[in-house]
Amino acid sequence: MPRLAIIGLGLIGGSIGLALKRAQLPDLEIVGHDAEWGVNRKARKLGAIDSEARTPESAVEGATLTVIATPILQVRPVLERIASVLGEGVTVTDTASTKRDVLAWAEELLPDTVNFIGGHPIAGTEQAGIDAADADLFQRRPWAISPSIRASEQAIQSVEDMITLTGARPTIIDAAEHDSYLAAVSHLPLVVSSTLFSLVSGSQAWPELAALAGPGFESATRLASSSPSLSHDISLTNRENLLHWLDRFDEELRRFRGLVADAGNQEELFEAFATVQTARDAFLEAPPEKPGPDRPTDTASAGERMMTFMVGDYVVRRTKELQKLMDKRESDAEQRRKRGGR
């Protein structure tokens, strides 16, 4: 059967598996691998995968499409391990929160015959692990894709179709542009949330402060509960963009501090808060349209196209393998005939 491999079965990888299984694609085997002990079995019992693989290499062997859903800094070691096992013409994508470094690693490590398409589902929670996996995690959420220059149109289409089947909206974006934008709307909030909680919880009065902390503090510091490895990897692989937005945040924070300190200018302070409230309320009531594909996103059509691509690729690769085997047998037979004639 055509095979789709998922390497990394945490919140994102597990949710991808659950969403694709719910799509009920005929004759598609989903094989999964996670380095953490016990996760593979749990993912299979939850129905996120059909079969377990002991190693990344065994997971991708024979797979037409591979999804790498590991923490960012683990993507490179995975690419190194699977590079020699990937079949000609197969497609590999990932789910890392930053894209520029990942695209560079793929360019460096993968064979020219492999289609690599960087990906990032703009979805998730502060929870982590297979226990938090949810088939509805990606519903109506944007999913950025940054294809390598060698990726074929058919491979890009297959990844878009897979994304559509999860309920998300695929949109193509340049890797550098992606990292710049996400630094502002995702990575900066992550650091600010952690900074706020670190500041307040580090106070000697923390027991008293915690007893009075309400929903506002909880929502403002929600992202501080995110996976430390995720926060660490984002900070390292998107350092320049993140520092840019941290500097701008510092400037804006100092502006508000100045307004608060200027007791004689209450009108300007009120206007600053009112301006932000109006802008945010408008954003929540009528958010900008999420970017999406130019192609139709009908789920049934996406599933049919994806399976057609995967079955066709599977047949082509199997035909080549069989032809190589037949050629080898003929060569061996010819060698035996030559030795027999001596």
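Only beta bridges with both residues in the chain are counted; by DSSP, about 20 percent of them are antiparallel. Scoring 45-57, 6-18 by mean Cβ neighbours within 10 Å over their residues and listing the highest first yields 6-18, 45-57.
By the beta-carbon count within 10 Å of each Cβ, the least crowded to most crowded order of Arg169, Arg255, fewest first, is Arg255, Arg169.
Ordered by the count of other Cβ atoms within 10 Å of each Cβ, fewest first, Leu137, Leu284 give Leu284, Leu137. A viscosity of 1.002 mPa s and a temperature of 20 °C, combined with the Kirkwood radius over C-alpha pairs in the Stokes-Einstein formula, give segment 178-285 a diffusion coefficient of 134 µm²/s. Taking Val260, Val192, Val102 as the candidate residues, the one with maximal mean-square fluctuation in a Gaussian network model of the chain, Cα springs under 10 Å, is Val260. Only Lys, Arg, Asp and Glu carry charge here, each on its Cβ (+1 for the first two, -1 for the last two); on that basis segment 13-124 has a dipole of about 580 debye about its Cα centre.
When the chain is modelled as a GNM with alpha-carbon springs shorter than 10 Å, which of Ala224, Ala96, Ala286 fluctuates the most? Of the options given, Ala286 has the highest mean-square fluctuation. In terms of overall dimensions, the C-alpha atoms belonging to the chain reach 107, 43, 35 Å along their principal axes, ordered largest to smallest. Neighbour counts of C-beta atoms inside 10 Å place Ile172, Ile234, Ile156 in the sequence Ile172, Ile156, Ile234, starting with the fewest. All C-alpha pair distances within segment 241-282, sorted into 5 Å bins from zero, spread as 6, 21, 20, 21, 19, 10, 3, 0 percent across the bins. Computed over segment 124-250, the P(r) tail beyond 20 angstrom holds 59 percent of alpha carbon pairs.
Each distinct pair of alpha carbons in segment 1-99 adds a 1/r term; the inverse of their mean, the Kirkwood radius, is 13.2 Å.
For the chain, the number of Lys pairs with C-alpha atoms closer than 16 Å, counting only pairs eight or more positions apart or on separate chains, is 4. Note on segment 1-156: dipole from Cβ charges, positive end direction compared against Val67, Gln154, Ala128; the farthest Cα belongs to Ala128.
Read-outs: derived from the displayed coordinates by stated rules, not from any lab. Nothing here was measured: the structure is a model prediction, and the numbers come from that model. Positions of Cβ are generated from backbone atoms using ideal geometry, with glycine treated the same way; all protein chains shown enter the neighbour counts.
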